[in-house]
Amino acid sequence: MDVMPKWAEVILVPLISLILAAIISALVILAIGEDPIAAVKLMVSGALGSTYGWGYTLYYATNFMFTGLAVAVAFHARLFNIGGEGQAALGGLGVALACLYIPWPHWSLALLGAIVMAGIFGAIWAAIPAYLQAKRGSHIVITTIMFNFIAASLLNYILVNVLRPRGSMDPATARFPEGTHLPTLHDVLAPFGISFSKAAPANITLLVAVLACVLVWVLIWRTRLGYELRAYGHSESAAKYAGISPFKITMVTMIISGGLAGLMAINNVMGEAERLVLNAVEGAGFIGIAVALMGRSHPFGVFIAAILFGFLYQGGAELALWTTIPRELIVVIQALVILFTGALDNMVRMPLERMFLAARRARTPKPERKPVEPAE
Amino acid sequence: MPATTVAPAIELKGISKAFGPVQANKDISIRVMPGTIHGIIGENGAGKSTLMSILYGFYKADAGEIFISGTKTDIPDSQAAITAGIGMVFQHFKLVENFTVLENIILGAEDGWSLTTSLGKARKELVALEQEYGLNVNPDAVIEDLGVGMQQRVEILKALYRQADILILDEPTGVLTPAEADQLFRILGRLREEGKTIILITHKLREIMEITDTVSVMRRGQMTATVKTAETTPEQLAELMVGRKVLLRVDKAPAAPGDVVLDIQNLHVTDEPGVERLKGINLQVRAGEIVGIAGVAGNGQSELLELLGGYARGTGTVLMNGDPIDLSGKHSDGQSRRARGIAHVPEDRQREGLIMDFHAWENTAFGYHHDPAYKSGPLMDNAAIRADTEAKMQRFDVRPPDPKLAAKNFSGGNQQKIVLAREIERNPDLLLVGQPTRGVDIGAIEFIHQQIVALRDQGKAILLVSVELEEIFSLSDRIAVMFDGHIMGERMPEQTDEKELGMLMAGMEVPQ
C-alpha cells in the first residue's frame, strides 16, 4: 500500500528538499558576508528575467536532458552509466564528422544525419563497457568511468593530429559549413511573432530533447523491450526465469543509453559551437547523474530537473559575474541541491510519510475495521 | 528460579503493534508456564513472528506489557532479551560458516581481552551443557561441514550458553528431514524435563500435536484461542487458524495416466562453482498424473526445475512429447520452454516468479509478454493485460482483485495465486510446480491444491517438488525421492509411509 498520495511523492518531496537546499545555501552566502536575497534575485533575473537568460538556461537544460535520460534509461535496468561524459564527447566526434565531410543541402537533413552519427558514436562508446560487463563481469561503473578518460585522450589525439585544420594553433576542428547551422530559438519563434534573444545559444535541439523524453517514456512503459528492461532491473533472477537474456538487456540498454548521451553533441557541438573543441561536454555527463536522480529516472522528472539545473548553471554564472561570490560557491549550491534531492531523500520522505499516516489514522478512527492483511 | 512458583515464565499483556496502516498484533495476551512447550500456530501473516520479535527486542510494542517470571520487564533490544533469559533460534541460522562450533558459541559473549581464556572457559561449559541436555556436537567442527540438523543444535547451544531459560524456536523443522525433526523433538523434550520453557512457532499442525503442552492460535494479528493440546484436534486448530472449516486432505479421484509427456534420461547438471548437482537423473511424467519429488531442500530438486524451466544448463536427454529439448544451446531459455508447452511455478515466487515492485497486471504478462494477445502494434497492450488480469483474479479468487496493486502488497497466498493463474491458464502440457504452498496460508493451500488436481484431471502432466511430505502425500500419484542429485527410488503413495520416505530422503537404500 502506498503511504503517500502520488502528488506528495512526486511534487512535495523534491520541493521540500529544494527548499532545504536553498536555506542551507542562503546560510553559506550569509557566512561569507553576502546578501542571500540579493543573490537569489540576481540568479532569477539572470537566468529567467530575459529571453537571453532563458536562452542560456534552456541551452544547458537541453544538454542535461540528454545526459539525464541516458542515466535514467540505464538505471531502469539497474545499470549505472557513469560514462555520459565520454559518450557525449564521442557523440561530438560523430557530429563533427557528419558536418565536416558530408555536404548537406539543408540544415534539417544535416540534423538527421548528425542525430544518427552522434547516436551511433555514443552507443559504441557505451557498448564496449556493456559487453565487458555482460561477458567478462567487469563492473560497468568502473569501466564507464575509465572510458571517460579514454574518450578525452582519444579526442585530444584526434583533434590535435587529425581534425585540426592546417596552420591552426587551436585543438579544434574547422568551423562547420553554413548548411549545417541549426536554427536558434530566435529563428524558430520568429515566425510565431515571439521575439527571442538572438545571442542566446538555445536552439532547435531543445525540441529534439523534448521528443527524446517522450520516446524514452514510451520505450520504458509501453514497449516489450522496456518491460524486459525494467523486469531485469528489478530482479535478475526473475528475469532469467522469464527467459529474458541478461546479455541482450545489458547490451541494448547501454546502447540506448550511450546513444542518448551522444545526442547531446547536437546541442553543444552543432547547435552552439558549430565546431568541435576540446572538452566540449564540460561536465554535463556528470550533471546527468544528478538530473536522473532528482527526476527519479522518469522522463518527465528528468525534463523538470534538467531545467532546474539549467537555471542553477545560468544563475550561477550570473552570480560569479556580478558579485564577489566566488565561482566555487555556485558549485557548493549545486552540490547541496544534489545532496538533498538525491542522497538525503529519505530524510524528507520519512517524516512526510509519518505525517500522512497520522492524518489517515485521524480520518479513520478505527483502522481495525478495515480488512487489512497484517504483515508478519 | 524454582519451577514450583506459579508465576508464568512469560506473560504478555495487551501487546499491540502496527506497521503503518497494518495492525500486525492486536491486544495480545498470553501466559506461558515454566517447564512447558507452548506452541504458537497461525497462518503466514497472522503476526506470530512480529510477536516473537517484540519479545526478543527487535520491535518495540505500541502498547502492552511483558512480564518475565512475574516481573515486569522492558525489552528494548535483543541484549536485554538475553539478559532476561530469553534465547531465540531463528528459521535462518545466524552462524559464521567458517568458524568452529565453539567460536560461534562465544561470538558476542567473549569475556576478557584474550580469546584463548574465553575459549577455554567456554569449552568446559559447553561440554557440561552437552552432557546435561544430550546434544552431541563436536565443539571443534567447522559450521559449514555440519548438516542443518547439527547447525540447529549449535543455535540451541548458543542460547543455552547465554543462560537462556526460555527458548523461542521459529519454524524449526522447515529445513529438517523427518528423522532430524524427531531428534529435535527429543532434545526439546529433554530441555523441558530440565525445567526450560520452550515456545515453538510453526504452521505445521502435526508438530503441534506431537510435542506441545499448550497451543495458542493466532489469526489476523489476534490471539483467537489458547487450548491444552491434549484437548484439541488438528481439524479444530485448522478451523481456528482460518476461521472456517478446512479440508486438510485433497479430494481426488485416482489418476488415469496416459502417454509419457516428459522423459528425462541420464540428466546431469553442474552449477556455476562447478559442483555436480544432478548426477544422472531418470524420470518420466505421464499425462494426467502428478509426480511428486520428495527430498530435503538442496538435494538437486531446484536444479531439476531450473533446467526444465530453461535457466540452468545440463547434459543428457530430455524428451518433451517425444521430441528432445535443448539443454545447453541457443534454445535453452525460458521463452523456448514456454513455447514447448512447459509452464513453471517456481519454488521462490518472490525471487523468480514475480517482480515484487511490478503491478499485478504486469506480473500476469511476465514470461508471456511476447504473447500476440498482449500486443497492440509495436507496443504492449496494457489495457488488454489489465483486463486479462482482472479475469484471472476473479477465477483464482485473488484478494484484493486489484490489478494495479504491486505484487509485494499481496499476501503470500494471493501472490502464489497470481503466479498459478498465469501458468495454469496457459493450458500447458507440463506444469512444473516448486513448493506450491510455501509461505501460503491454510485456506489458500486448499485452493491451490484443488487447482493442481484439476489440471491433472484435464490430462496434463505435473511435476511437483515439495519439501513438505504431507503435501507430497496428499497430491502425488507417484513419488520419487531425491538425495544428493540422485533419484533414490520411486514409490506409490498408498504403498509407502513417512518413515520409508524419510530413510530414502536421508540417502539410505530401501528395498521395495
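The values are calculated or read from the model by the stated rules, or taken from the named source; none is laboratory data. Just so we're clear, the structure is a prediction, and the values are computed from it rather than from any experiment. Note that we place each Cβ from the backbone using ideal geometry, even for glycine, and neighbour counts take in every protein chain shown.
Got a sec? Which of B:Arg337, B:Arg351 is within 10 Å of chain A (Cβ to nearest Cβ) and modelled with pLDDT of 95 or more? Spell out how you get there, then give the answer.
On the way: B:Arg351 fails: modelled with pLDDT of 95 or more.
Answer to the selection: B:Arg337.
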When the stretch B:157-171 is checked residue by residue, the ones that are closer than 22 Å to B:Met209 by Cβ and buried (at least 22 other Cβ atoms within 10 Å of the Cβ) are B:Leu167, B:Ile168, B:Leu169
Kindly list, by first and then second residue, each pair from a residue in the stretch B:177-205 that is assigned by TED's automatic domain parsing to the domain that holds B:Gly39 to a residue that is crowded, with 22+ Cβ neighbours inside 10 Å and among the small types (Gly, Ala, Ser), limited to pairs with Cβ atoms under 6 Å and residues at least 6 apart or on different chains.
-> B:Thr197/B:Ala9; B:Leu200/B:Gly39
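Do the conditions hold for B:Lys94, that is, is it in contact (Cβ under 8 Å) with a residue 40 or more places away in the chain, among the charged types (D, E, K, R) and buried (at least 18 other Cβ atoms within 10 Å of the Cβ)? Full working, then the answer.
Numbers: in contact (Cβ under 8 Å) with a residue 40 or more places away in the chain: yes; among the charged types (D, E, K, R): yes; buried (at least 18 other Cβ atoms within 10 Å of the Cβ): no.
Taking the combined requirement at face value, the residue does not satisfy it.
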Selected residue (only one of A:Arg327, A:Arg361, A:Arg369 is farther than 29 Å from A:Arg230 by Cα, in contact with a helix residue (DSSP H, G or I) (Cβ under 7 Å, 6 or more places away or on another chain), modelled with pLDDT under 85 and within 14 Å of chain B (Cβ to nearest Cβ)) | A:Arg361
With a cut-off of at least 1 residues that are over 30 Å from B:Ala297 (Cα atoms), name the helices (runs of 4 or more DSSP H) lying wholly within the stretch B:326-406.
-> B:360-364, B:382-395
Might you check whether a residue that is within 8 Å of chain B (Cβ to nearest Cβ), buried (at least 20 other Cβ atoms within 10 Å of the Cβ) and at positive phi occurs anywhere in the stretch A:213-236?
-> no
Give me the pairs: first residue in the stretch A:136-151 and modelled with pLDDT of 95 or more, second residue aromatic (Phe, Trp, Tyr), beta-carbon distance under 7 Å, and six or more apart or on different chains, which are they?
-> A:Ile140/A:Phe80; A:Val141/A:Phe80; A:Phe147/A:Trp125; A:Ala151/A:Trp125
Among strands (runs of 3 or more DSSP E) lying entirely in the stretch B:213-319, which contain 2 or more residues that are out of contact with any Gly (no Cβ under 8 Å at 6 or more places or on another chain)?
-> B:222-228, B:260-270, B:276-286, B:290-294
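Per-residue answers, yes or no, for (1) more than 14 Å from A:Val269 (Cβ to Cβ); (2) within 21 Å of the chain's Cα centre (by Cα); (3) exposed (fewer than 14 other Cβ atoms within 10 Å of the Cβ):
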{"site": "A:His139", "(1), (2), (3)": "yes, no, yes"}
{"site": "A:Ile145", "(1), (2), (3)": "yes, yes, no"}
{"site": "A:Leu154", "(1), (2), (3)": "yes, no, no"}
{"site": "A:Tyr157", "(1), (2), (3)": "yes, no, yes"}
{"site": "A:Ser168", "(1), (2), (3)": "yes, no, yes"}
{"site": "A:Ala174", "(1), (2), (3)": "no, no, no"}
{"site": "A:Gly179", "(1), (2), (3)": "yes, no, no"}
If we keep just the residues of the stretch B:431-444 that are hydrophobic (A, V, I, L, M, F, W, C) and farther than 16 Å from B:Gly292 by Cα, which is surrounded by the most Cβ atoms within 10 Å (Cβ to Cβ)?
-> B:Ala444
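Could you run through the stretch B:358-374 and say how many residues are under 12 Å from A:Ala238 (Cα atoms) and within 8 Å of chain A (Cβ to nearest Cβ)?
Step one: of the stretch B:358-374, the residues under 12 Å from A:Ala238 (Cα atoms) are B:358, B:363, B:366-367.
Still in the running and within 8 Å of chain A (Cβ to nearest Cβ): B:358, B:366-367.
Number satisfying all stated conditions: 3.
Can you go through B:Ile66, B:Ile15, B:Ile41 and tell me which one is surrounded by 17 or more Cβ atoms within 10 Å (Cβ to Cβ), more than 14 Å from chain A (Cβ to nearest Cβ) and under 22 Å from B:Ala225 (Cβ atoms)?
On the way: B:Ile15 fails: more than 14 Å from chain A (Cβ to nearest Cβ); B:Ile41 fails: more than 14 Å from chain A (Cβ to nearest Cβ).
Residue meeting the stated conditions: B:Ile66.
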Selected residue (criterion: farthest from B:Thr437 (Cα to Cα)) from residues of the stretch B:375-411 that are at the interface with chain A (Cβ under 9 Å from one of its Cβ atoms) and crowded, with 20+ Cβ neighbours inside 10 Å = B:Met380
Would you pick out the residues in the stretch A:181-193 that are in contact with a Leu (Cβ under 9 Å, 6 or more places away or on another chain) and surrounded by fewer than 19 Cβ atoms within 10 Å (Cβ to Cβ)?
-> A:Val188
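Out of the stretch B:317-334, which residues are more than 14 Å from chain A (Cβ to nearest Cβ), in contact with a helix residue (DSSP H, G or I) (Cβ under 9 Å, 6 or more places away or on another chain) and more than 25 Å from B:Arg351 (Cα to Cα)?
Here is the first cut: in the stretch B:317-334, the ones more than 14 Å from chain A (Cβ to nearest Cβ) are B:317-324, B:327-328.
From what's left, in contact with a helix residue (DSSP H, G or I) (Cβ under 9 Å, 6 or more places away or on another chain): B:318, B:320, B:327.
If the condition is that a residue be more than 14 Å from chain A (Cβ to nearest Cβ), in contact with a helix residue (DSSP H, G or I) (Cβ under 9 Å, 6 or more places away or on another chain) and more than 25 Å from B:Arg351 (Cα to Cα), then B:Val318, B:Met320 are the ones that fit.
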Within the set of pairs 6 or more residues apart or between chains, which connect a residue that is of a type outside the set (S, T, N, Q) inside the stretch B:122-136 to a residue that is surrounded by fewer than 18 Cβ atoms within 10 Å (Cβ to Cβ) and not in a helix (DSSP H, G or I) with Cβ atoms less than 7 Å apart?
-> B:Glu130/B:Asn136; B:Glu132/B:Glu194; B:Tyr133/B:Glu194
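Could you pull out every one of the strands (runs of 3 or more DSSP E) wholly within the stretch B:21-126 that has 3 or more residues that are of a type in the set (Val, Ile, Thr)? Talk me through it step by step, then tell me what you get.
Numbers: elements: B:22-32, B:37-42, B:63-68, B:86-89.
The strands (runs of 3 or more DSSP E) meeting that bar are B:22-32, B:37-42.
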Assuming B:Leu51 fulfils every condition listed in (1) crowded, with 21+ Cβ neighbours inside 10 Å; (2) within 13 Å of another protein chain (Cβ to nearest Cβ); (3) under 25 Å from B:Ile106 (Cβ atoms) apart from one, which condition is it?
-> (3)
If B:Leu107 passes every condition in (1) over 22 Å from the mean Cα position of the chain (by Cα); (2) surrounded by 15 or more Cβ atoms within 10 Å (Cβ to Cβ); (3) not hydroxyl-bearing (Ser, Thr, Tyr) but one, which one does it miss?
-> (2)
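Rundown of residues vs (1) basic (Lys, Arg); (2) surrounded by fewer than 24 Cβ atoms within 10 Å (Cβ to Cβ); (3) touching a Pro at 6+ places or on another chain (Cβ under 9 Å); (4) under 21 Å from A:Ala239 (Cα atoms), yes/no style:
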position: B:Asp271; (1), (2), (3), (4): no, yes, no, yes
position: B:Lys279; (1), (2), (3), (4): yes, yes, no, no
position: B:Gln284; (1), (2), (3), (4): no, yes, no, no
position: B:Ala287; (1), (2), (3), (4): no, yes, yes, no
position: B:Ile290; (1), (2), (3), (4): no, no, no, no
position: B:Ala294; (1), (2), (3), (4): no, no, no, no
position: B:Asn299; (1), (2), (3), (4): no, yes, no, no
position: B:Gly314; (1), (2), (3), (4): no, yes, no, yes
position: B:Thr317; (1), (2), (3), (4): no, yes, yes, no
